[in-house]
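Comments concern the structure below.
The values are calculated or read from the model by the stated rules, or taken from the named source; none is laboratory data. Values in this document were obtained by computation on a predicted structure and should not be read as measured data. Heads up, the Cβs are rebuilt from the backbone with ideal geometry, glycines too, and the neighbour counts pull from every protein chain shown. Only protein heavy atoms, including side chains, enter the accessible area calculation; ligands, DNA and RNA are left aside. Shrake-Rupley method; radii C 1.70, N 1.55, O 1.52, S 1.80 Å.
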Amino acid sequence: MRAVTFTLGQSNGSHIAYRMFDADSEFERERIYHLNVLEDETVVLLGRLRGDLERAKPLLEKNEDVLGYSISSQENSGGLVYAHARPPPEVKRFLELPRSYEVFFDFPIESTGDGGLRVVMVGETNGVLQEALADVPAELDVTVERIGAYPEAGGNVVALLTDRQREVMDVALDLGYYDVPRQATHRDIADRMGLSVGTVGEHLQKIESRVFKGIVS
């Protein structure tokens, strides 16, 4: 079994799916846990957003492409969002790839931190993955990061982390903490997240411990 990891860039379109996550948005998409294309070509989605979700309600309620939604927020830190909507045409074509090719998406789909998404698509051979990739609409700006063997179920070490640990890890990656040479410090991460340096250090220690144990187990 093979897998390709790629990012989908943030479009500048006017659809609600883009406007909520543009450069001026108050929301950050963390991950998509599940989505499904229905027979009427609408989409149902369950995901997690960061930000004051009370501010999301007017955007969702007034948009004609949103057919229904439900929000389970956690104060101002974000929460779960269920949405039933008509997707942009290019997104619908992308989501229908498993209908045309012997591939499927591995969930959850993670955010890249700049409004885009990091997707893992799984198939039996590199050939079928490349065929499906070639059919991704150009509007979605694909950047391939990796193609290779699909890790076994136990290999998804990110699943070992808590939501808060994932948040810290996402910020650390975004700021270049794990780059070589390192581009950020504990202080940089702390300032971005409004945490103490000590708290960030504790989170990173636990993250690294769990990830390394997950790799060698």
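Computed quantities for the displayed model
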| read-out | value |
| --- | --- |
| Residues of the range 109-129 that turn out to be surrounded by 15 or more Cβ atoms within 10 Å (Cβ to Cβ) and more than 29 Å from LEU175 (Cβ to Cβ), as a count | 4 |
| Lone unmet requirement of (1) surrounded by fewer than 16 Cβ atoms within 10 Å (Cβ to Cβ); (2) of a type in the set (Ser, Thr, Tyr); (3) under 18 Å from GLN130 (Cα atoms) for TYR101 | (1) |
| Some residue of the range 135-145 being at pLDDT below 90, closer than 19 Å to ASP114 by Cα and part of a loop (DSSP other than H, G, I, E, B) | yes |
| All positions within the range 31-47 that are open to solvent by 30 Å² or more (accessible area, probe 1.4 Å) and more than 22 Å from THR112 (Cα to Cα) | LEU38, GLU39, ASP40, GLU41 |
| The range 78-95 - residue that is among the hydrophobic types (A, V, I, L, M, F, W, C) and in contact (Cβ under 8 Å) with a residue 60 or more places away in the chain and, of those, surrounded by the fewest Cβ atoms within 10 Å (Cβ to Cβ) | LEU95 |
| Answer residue from the range 48-77, given it is part of a loop (DSSP other than H, G, I, E, B) and open to solvent by 30 Å² or more (accessible area, probe 1.4 Å) and is farthest from VAL136 (Cα to Cα) among those | GLU75 |
| Single condition MET121 does not satisfy, out of (1) farther than 27 Å from ARG166 by Cβ; (2) of a type outside the set (Gly, Ala, Ser); (3) in contact with a Leu (Cβ under 9 Å, 6 or more places away or on another chain) | (1) |
| Tally, over the range 175-212, of residues that are open to solvent by 40 Å² or more (accessible area, probe 1.4 Å) and touching a residue at least 40 places away in the same chain (Cβ under 8 Å) | 2 |
| Subset of the range 130-148 (residues that are in contact with a strand residue (DSSP E or B) (Cβ under 8 Å, 6 or more places away or on another chain), within 23 Å of PRO88 (Cα to Cα) and aliphatic (A, V, I, L, M)) | ALA132, LEU133, VAL136, LEU140, VAL142, VAL144 |
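Residue by residue, here is whether (1) under 30 Å from GLY127 (Cβ atoms); (2) of a type in the set (Val, Ile, Thr); (3) touching a Leu at 6+ places or on another chain (Cβ under 8 Å) holds:
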position: ILE32; (1), (2), (3): yes, yes, yes
position: GLU41; (1), (2), (3): yes, no, no
position: VAL66; (1), (2), (3): no, yes, yes
position: VAL91; (1), (2), (3): yes, yes, yes
position: SER111; (1), (2), (3): yes, no, yes
